[in-house]
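Okay, structure first, notes after.
The numbers here are math on the coordinates, done by the rules we state, and not lab data. Only a predicted model underlies this, so the values are computations on that prediction, with no experimental measurement involved. Neighbour counts are summed over all protein chains in view; Cβ atoms, including those assigned to glycine, are modelled from backbone coordinates with ideal geometry.
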Amino acid sequence: MLTIGQLAKYVGVSTKTIRVYHAKGLLPEPDRDSSGYRRYGAEAVVDLLRIRTLAEAGVPLATIRNLGAGQELAAALQQIDDDLTDRIRGLEATQARLRELASGDVQLLPAEVDVHLRGLAELGFSAQWVAMERDLWIIVFATYPETGDELFRDQAGALAEPALRELYLEYDRARDLEPDDPTLVDLADRIVAASIERYGSDLPGQAIDPNLPQLLQNTVNASSPAWQRLDQLIRRRLG
């Protein structure tokens, strides 16, 4: 027979916790023996271990007190087990994100987009362009993930064509030009011609949300006065 202190130590809780369980009706409180001590048997050890395990699993004490027996108890324990499994998966996902943050390798985009972005420098694009592209893709996939897949496939296909890839590269190099540089006019003409030939009047993603291309273009324009001027020239020719 165990004292309350021995019971607490054996199960791994405090004596205060045991008294709380007594007060809430979860664990029967034995009578005192002739020496004035309350003595607990093996059944109390089993009951206390059950209560502690359920409480650690996040089950409210009121729910623990009202758990039935037999099949009802088994079904309740299975539901608790399922809920705990979901919580563990959530915690594992959170742990994975914490480790990504610690390593500086946060996965914000689909793997194929990350591979695409890493390959842009090898194609001749500037670091500023790659950083801007990353920001744009984050905006797209955060707001319209399905549209993001469509737009990504389109751009990857365009960069696979040498003539279109060169237009992208010229757009990149135009970043530091003066807004009144005459080469912007010629570049705008060639971009418009290539866009009409490739898309006609339907830009990719526009059918799903007409505001998306404008949102992306505004982000680009904010990076360079020359790009803002280039956008104006292109709009006049397309308008």
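Between Leu27 and His22, the built amide H atoms are under 5 Å apart, and every one of these is 5 or more places off in sequence or on another chain.
If the chain linking Ala160 and Arg237 were pulled fully straight, counting 0.36 nm for each residue of separation and taking away their Cα-Cα distance, it would gain 25.1 nm. For the range 1-111, the fraction of C-alpha pairs farther apart than 18 angstrom is 61 percent.
From helices alone, the chain scores -22500 deg cm²/dmol at 222 nm; the rule is -39500 (n - 2.57) for each run of n ≥ 4 DSSP H residues, then divide by the residue total. Among the trypsin sites (Lys or Arg not before Pro) within the range 1-63, not one is in coil by DSSP while having at most 10 neighbouring Cβ atoms inside 10 Å.
Taken as Cα centroids, the range 133-196 and the range 25-100 sit 59 Å apart, rounded to the nearest whole angstrom. Using every Cα-Cα pair within the range 117-173, state what percent have a distance larger than 15 Å. Value for the range 117-173: 50 percent of Cα pairs lie more than 15 Å apart. Computed over all pairs of different Cα atoms, the Kirkwood value for the hydrodynamic radius of the chain is 24.0 Å.
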